[in-house]
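Colleague: Got a structure for you, written out below as structure tokens; questions coming shortly.
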Amino acid sequence: MLEKCLKCNTSFEVDESLITSKLKFFKCSVCDNEWPFVKNKNPEKSTENISEEKLRKDLDAIRSEIEKKTDILSKEIKVKPKEKITKVKNQNYNTKKKTVAQIAEEIAEASVKNRETKIIKNKKTSSTETLKNINSKQKSFAIPLIVFISILVISSSVYFRNNVVSLSHFYFPNFVEKNFHKVFDLFEHVKIPFYADFKNLEIENFGAVYEGKSVKFFGNIKNNSKYSILTPTLKVIMTTEDGKILAETIIKSTQPFISSNNFIKINHLILTNQKYNNATIRATIMKEIHSSS
């Protein structure tokens, strides 16, 4: 074995067979320097047989193997995305016996799995955020749509009120006749009248007779439509041959609707102070419908 003086750096070859347990110091024969004896000292083995250059080469080899295995595994996943990469685990496997290539392969597989997990998480997160954005947009769009539809329905019901009421009476006659006066009073309160349907209404056999000091008007109002129609208000005028008005009256029916292809009878009596000979009677349907109450 070799020993080196710590003071003058002189090297000495020492016979190991002469070293005993009683030996505690070495003494330099050149400068008389003494230094302690260290048992089992072996500078060549202190580095544990691994030099820095060898360690660097091993690390470079591991790095290159990791990159190579990662590329291979990534290509396999792209070709066969549904196949799972599995590795048989052996708890008794001694890690110290693994080669550089095996270690690199395991590290590459782990990095690929981590990458897959991150991609899946990112996809789930992005899909969740997309759904939230879609739901929020749908909610923000739903409120104005509901308001618009409500306004459209209300305005259409008001504009086509005669048609709505007629169709409702055609399908639900008892319910509509029972509650129509409430609807009529509401529209009358807001100054929106119901109008007579001149196209489908007709006055038939209208006339008048004296009964004492009164005049009785009679006749029919016919509905030529396929649906129920609101009963109109009549205006009756008695005139002389020269056009002088003798009597004038408004006839409001107590029956709010005339059924389809049906008619209602008119029987209306007014008081007069005298009888008029050769009088002319003219009955017309008024535009606005008035309540009989």
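Colleague: Taking the condition over 30 Å from residue 168 (Cα atoms) and assigned by TED's automatic domain parsing to the domain that holds residue 191, does residue 280 pass?
Modeller: Yes: the conditions hold for residue 280.
Colleague: Just to check your reading of the model, which residue among 283, 208 is in contact (Cβ under 8 Å) with a residue 24 or more places away in the chain, farther than 29 Å from residue 161 by Cα, in contact with a Phe, Trp or Tyr (Cβ under 6 Å, 6 or more places away or on another chain) and part of a strand (DSSP E or B)?
Modeller: From the options 283, 208, the qualifying one is 208.
Colleague: Go through region 158-169 residue by residue and tally those that are in contact with a Ser or Thr (Cβ under 8 Å, 6 or more places away or on another chain) and closer than 14 Å to residue 231 by Cα.
Modeller: 2
Colleague: A follow-up question, please. Which condition number does residue 232 fail, the rest of (1) within 18 Å of residue 170 (Cβ to Cβ); (2) touching a His at 6+ places or on another chain (Cβ under 8 Å); (3) not acidic (Asp, Glu) being met?
Modeller: (2)
Colleague: Still on this model: Answer yes or no as to whether residue 219 is within 24 Å of residue 281 (Cα to Cα), out of contact with any Lys or Arg (no Cβ under 7 Å at 6 or more places or on another chain) and without any contact (Cβ under 8 Å) to a residue 12 or more places away in the chain.
Modeller: no
Colleague: Of the residues in region 255-280, how many are within 60 Å of the chain's Cα centre (by Cα) and part of a loop (DSSP other than H, G, I, E, B)?
Modeller: 6
Colleague: Filter region 163-185 down to residues that are surrounded by 10 or more Cβ atoms within 10 Å (Cβ to Cβ), more than 38 Å from the chain's Cα centre (by Cα) and either outside any helix (DSSP H, G or I) or of a type outside the set (Ser, Thr, Tyr) (or both), then give me how many there are.
Modeller: 12
Colleague: Suppose we filter 252, 213 for residues that are surrounded by fewer than 16 Cβ atoms within 10 Å (Cβ to Cβ) and farther than 20 Å from residue 291 by Cβ; which single one remains?
Modeller: Result: 213 is the single residue among 252, 213 that is surrounded by fewer than 16 Cβ atoms within 10 Å (Cβ to Cβ) and farther than 20 Å from residue 291 by Cβ.
The values are calculated or read from the model by the stated rules, or taken from the named source; none is laboratory data. Source: prediction; values computed, not measured. Glycine gets a Cβ as well: all are built from the backbone with ideal geometry, and neighbour counts include every protein chain shown.
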